[in-house]
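Step one of this worksheet: look at the structure below.
Nothing in this text is a laboratory measurement; each read-out follows from the coordinates by a stated rule. Keep in mind that what you see is a predicted model, and the values were worked out from it rather than measured. In this analysis, Cβ positions are derived from the backbone assuming ideal geometry, glycine residues included, and neighbour counts consider all displayed protein chains.
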Amino acid sequence: VRSDSNFFAAMPASSANSRSSPQSSSKDAEDIIVTLVGSVIQLGVIVVGSYYLSAWISKQIQQREMAPPSNDPARRRLEQILRRRGEKIPQLTAYETNIAEDVVDPIALDSSFEDIGGLDDIKQELWQLAVLPLRRPDLFAENKLVQPPRGILLYGRPGTGKTMLAKALAKEAEAIFIEVKLSKIMDKWFGESNKLIAATFGLAQKLAPSIIFIDELDTFLNPRDGFENSASATIKSEFLVLWDGMTTQDGVLVLGATNRPHNVDKAILRRLPRTFEVPVPNEASRRQILNLLLKDQNMDASAKKFEADLVKRTVGYSGSDLKELCRAAASAPIHEMVADASRKAVSGKLSSKSMLHSIKRSSIRPLCKADFMKALDKVKRTGQAAHSYGQGVEREAESEKISQEKIVEEAMMRRAMSLFRTMASLEQGNSTNEDDVPNLNVER
C-alpha cells in the first residue's frame, strides 16, 4: 500500500515535467528563428551597403577621370590675348578651358601672305572671302546674299603650303586660331568627345572673330558607313550639327586642309562650299619662293647666277621641297668646316670638345653653285626617292622571278633531254634484240 501510494504521489510530478518540456522546445525554436532572421538582416544590410558604397566609389573615380583638369596657364594666356584686343575673358566651362590650350595668338603666328611665294590669285580670293568679312563684318550685315561662307577647304599635294595659308589667314584677319587636334578631342569615355567638340565651337563663338582649323580633314571626318562604330558616328554627327546648327554665330570660320579630298564625308563637303586647290608651284611661283628663301643668304656670284637655272631644275618640287633644298645648300659650308670633327666623332676619336669650340662662325664661306648642285642630288621632290626605290625593288623582284623561271626551264629541258635519250636507247635496244632473235617461222 505504501508503494502504491508513492506511485500515485509521483504521478503529478511526472505529468508536470511532461507539460514543461514542449514549452522549452518551442522557446528554443523561437530563439533560433530570431537568430536566423537577425543574421539575414545583417547580411542584407552588408550586401546593400557594399553595393551602394562600391557604386559611389566608382562614380567618384569616373567623375575624377572624366572631369577636365583645371588649366590656369591656358586661362592666363587667353586673358593676355583678349587684353590686347581690349576685351575681357568670358565665362568658360571646364571643357572650354581644356580646349583653350590649343588657342594660338594671331600675333604669334609666323606666317603671312608675304611669306608665301606664288599663289597670288588664291591669296587674293581668300583675303576677300575670309579676311575681309572677319575684319569688316558690317559690310556684309545688311545683305544676306553676300554672307561669307562658314567653311573653306584647301586641298592639294603634301607640302604645297596649305597650313601656311591657314595661318596667314588668321594672322591677316587678326582672328583667334583654334587648331583641332584628335588627341585632345578623342576620349575613352563615351560622350566626352561630343562635349569637347561642343566646347570647341562654344569657345570659338566666345572669342570671335576666330578660325577653327582642321588639318588632315580626311582622317577625322571621313565618309560614314555601316561598319563604323557608334562612338565615331556620334562624334561626326555632333560636329555637323554644331557646325551648321542654329546656335552658330557669325565671326567663326571653319578651315579644313587635306591632300585626299575624295575621302571626306559628303556632308562635310557640303559645309565647305568654297574649295581651293593649292597646286605644285609653277616656274614663276618657284622663282618667288626661292627669292624669299635666299634673300638673306650670303652667296657668291656663281650661286646668284645659278639661281635662274635652279628654277628650271626644280620642276615638280613643292614649297616644302624647295625649302629643304635651300636648307641643304645653306648647311653645306658648315658641314664642310666640321667634316674632320664629324669623322672623328662617329669613329670615337673625338676626345674633347675643343675642336668644335675652335670653329668660328665668321669663317663660314658664302654659298656657291656647287652647294646647290649637291643639294639637288640629296633632296628630291616629295615621294620621288621612295617611288624610285619601290620601282627598283619591283625590278629586282621581277628580274629574280625571270631568273628563277629560266632555271626551272633549263632544268625541265635537261630532264626532257635525259628522258628522250633514255627512250631512244631503249628503242635502239629493242631493235637490236629483234635482229638477234632467230625467225622460227621459216618455211621448210
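Calculated FRET efficiency, residue 50 to residue 87, Cβ-Cβ distance, R0 = 41 Å: about 0.20 to the nearest 0.05.
Output the relative contact order of the stretch 72-277, whole-number percent, from Cα pairs under 8 angstrom with separation of 6+ residues.
Relative CO of the stretch 72-277 lands at 29 percent.
Note on residue 88: lysines with a C-alpha under 25 Å away, same-chain residues under 8 apart excluded, are 167, 171, 195, 206. How would the stretch 152-208 be classified by its alpha-carbon gyration tensor: rounded, prolate or oblate, with rounded meaning a/c under 1.5 and the a/b versus b/c comparison settling the rest? Note, shape of the stretch 152-208 comes out oblate. Within the stretch 239-344, the ratio Rg/Rh, alpha carbon atoms throughout and Rh by Kirkwood, equals 1.21. Evaluating 6.51 cos²θ - 1.76 cosθ + 1.60 at θ = phi - 60° for every residue in the stretch 264-279, the Karplus couplings come out as 9, 4, 5, 5, 6, 4, 5, 8, 10, x, 10, 10, 10, 7, 9, x Hz, glycine and proline recorded as x. Each label was represented as a point 7 Å from its Cα along the Cα-to-Cβ direction; for residue 36 and residue 308 these points are 11.1 nm apart. Length gained on full extension, residue 406 to residue 114: 99.0 nm, using 0.36 nm per residue less the C-alpha separation.
Here r is the Cβ-Cβ distance between residue 29 and residue 188 and R0 is 51 Å; the resulting FRET efficiency, rounded to 0.05, is 0.35.
Length gain on complete extension for the stretch residue 76 to residue 342, per 0.36 nm per residue less the alpha carbon to alpha carbon distance? Provide the component values of the computation, followed by the final result.
Details: separation 266, 0.36 × 266 = 95.76 nm, distance 4.52 nm.
Computed gain between residue 76 and residue 342 is 91.2 nm.
If r is the Cβ-Cβ distance from residue 373 to residue 399 and R0 is 41 Å, what FRET efficiency results, to the nearest 0.05? My answer for the efficiency is 0.80.
Starting with the fewest neighbours, write out 46, 89 ranked by other beta-carbon atoms found within 10 Å of each beta-carbon. Provide the component values of the computation, followed by the final result.
On the way: 46 10, 89 16.
The most exposed by this proxy come first: 46, 89.
Net charge dipole, the stretch 72-277: roughly 300 debye, given to the nearest 20, about the Cα centre with Cβ charges of +1 for Lys and Arg and -1 for Asp and Glu.
Backbone N atoms of the stretch 361-379 closer than 12 Å to the 7 Å Cα→Cβ label point of residue 331 belong to residues 375, 378-379.
Going by how many other beta carbons lie within 10 Å of each one, how would you line up 418, 285, fewest first?
418, 285
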